[in-house]
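Every number here is computed from the coordinates shown, using simple stated rules; none is lab data. Since this is a predicted model, take the numbers as computed values, not measurements. Neighbour counts run over all protein chains shown; Cβ positions are idealised from the backbone, glycine included.
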Amino acid sequence: MEKNLKSVERMTDSTEPAIAIRNLHKRFDDVSAVSDINISVPTGAFLVLVGPSGCGKSTLLRMLAGLEPPSDGEIAFGGKVVSNGKAGVIHSAASRDAGMVFQSYALWPHKTVEGNIDWPLKVAGWSRKDRARRIEEVLKFLDISALRTRYPAEMSGGQQQRVAIARTIGPQPKILLLDEPLSNLDAKLRVDMRSELMRIHRATKATSVYVTHDQVEAMTMATHVAVLRGGRVEQFGSPDELLMKPQTTFVATFLGTPAGNVIPVQAVGDQLCHGDTALAPASMAKGDGKAQLLYRAQDITVGRHDGVPVMQATYAESSPIAGQTMITCMVGDLRITAMVDGFFRAIAGETIEISFLRAPDAVFNENGDRISK
């Protein structure tokens, strides 16, 4: 049941963010699923919550949807508090002006496509005439008019996903929540549906929150990205900010194609060394005896180059990418990715030399936090 909000509700203000998450926590018994999350999402943004399995992203989305109450902290939509853990305030899912697309599609199996789209409109109080008009609009918009009389069991996964999206956007929610909606689709259809979802976002102008563990989806679709780890936000910002200036080694190695190389080093005299190879001046670590250096794959290549640090490595595999070859090799237990112009292949297990063409892109301390540049 929806509880009284008068004690904590704020006045709606056009300057307020579409979604404001403040000091949000969610605990299940002694397990903390979400810890102290603070995010402000501007109107019309496409926020992607990305992170490994079990990081708390789906739990956070369910709290935004009103399907889970927070243990502490609050959520506000357009300046209006919809959940407050400490005050025991929670708006029902149906009253939040938000629509959710589930990973499993969650279509009503006994209803046709038209019936699935119609029901939320009927619940929202739309007249029969307006419902009929809106159904025609979304069927045409998602190119599923030919499926109007079919039942979910009579459709492919991609078709079911389009119907699930049509049902969600039908009532024209201000906030659109999507929980790994493409994970059940094959690789080609995922790419096609990514573009489709971006088109839908632009057309509806809804503020969107999208959950995925796929960092390619995150960086392709997002205006804002929140990288979650262990229930906490590791970093929040635009895709470019996270790629160009990661604040932790986790972000540096989780995002990017290929992801960054983080190499542990130790100060030896005035140099930071990995094994016997001096990679950078010790001054870059700002007094720390041990550090970690970030190198982009394009800053490492195969073969000896004069005047730059060189290491011996064990070749593992290669993958051609747009006229270049991405090389994966091992230095001890450390996996390193390098780029080579043109085509390159060696025998697995063969010793190769890799050269570090430029200075490290960033320096992190032993705990993985950025300390310079």
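Quick look at the numbers
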{"item": "FRET efficiency for SER145 and ARG345, using Cβ-Cβ distance with R0 set to 51 Å, rounded to 0.05", "result": "0.55"}
{"item": "Set of the range 186-230 residues, backbone N closer than 18 Å to the point 7 Å along the Cα-Cβ line of ASP36", "result": "227-230"}
{"item": "Between the range 110-178 and the range 221-235, the Cα center-to-center distance that results, in Å", "result": "31"}
{"item": "Sorted peptide list for 351-364, 29-42, criterion being average Cβ within 10 angstrom, highest first", "result": "351-364, 29-42"}
{"item": "VAL268 paired with THR43, simple spin-label distance in nm, labels 7 Å along Cα-to-beta-carbon", "result": "5.9"}
{"item": "Virtual spin-label span in nm between THR314 and ASP130, 7 Å along Cα→Cβ", "result": "6.7"}
{"item": "Ranked by how many other beta carbons lie within 10 Å on average, peptides 289-302, 157-170, 270-283 from highest", "result": "157-170, 289-302, 270-283"}
{"item": "Residue order, fewest to most surrounding Cβ atoms within 10 angstrom, among LYS245, LYS129", "result": "LYS129, LYS245"}
{"item": "Additional length obtainable on full extension of the chain from LYS245 to HIS110, 0.36 nm per residue less Cα span", "result": "43.6 nm"}
{"item": "Span-like helix ranges in the chain, DSSP H, alpha carbon extent 27 angstrom or more, Kyte mean at least -1.0", "result": "none"}
{"item": "Cα-based Kirkwood hydrodynamic radius, the range 249-372, one decimal, Å", "result": "14.7"}
{"item": "Total formal charge among the other residues, if their Cβ is under 10 angstrom from that of GLY85, Lys/Arg +1 and Asp/Glu -1", "result": "+1"}
{"item": "Overall Cα dimensions of the chain - principal axes, largest extent first, Å", "result": "76, 50, 37"}
{"item": "Listed residues ALA322, ALA20, ALA153, most fluctuating in the chain (Gaussian network, C-alpha, under 10 Å)", "result": "ALA322"}
{"item": "Assigned charges on the beta-carbon of Lys, Arg, Asp, Glu; the range 19-244 dipole about Cα centre (debye)", "result": "820"}
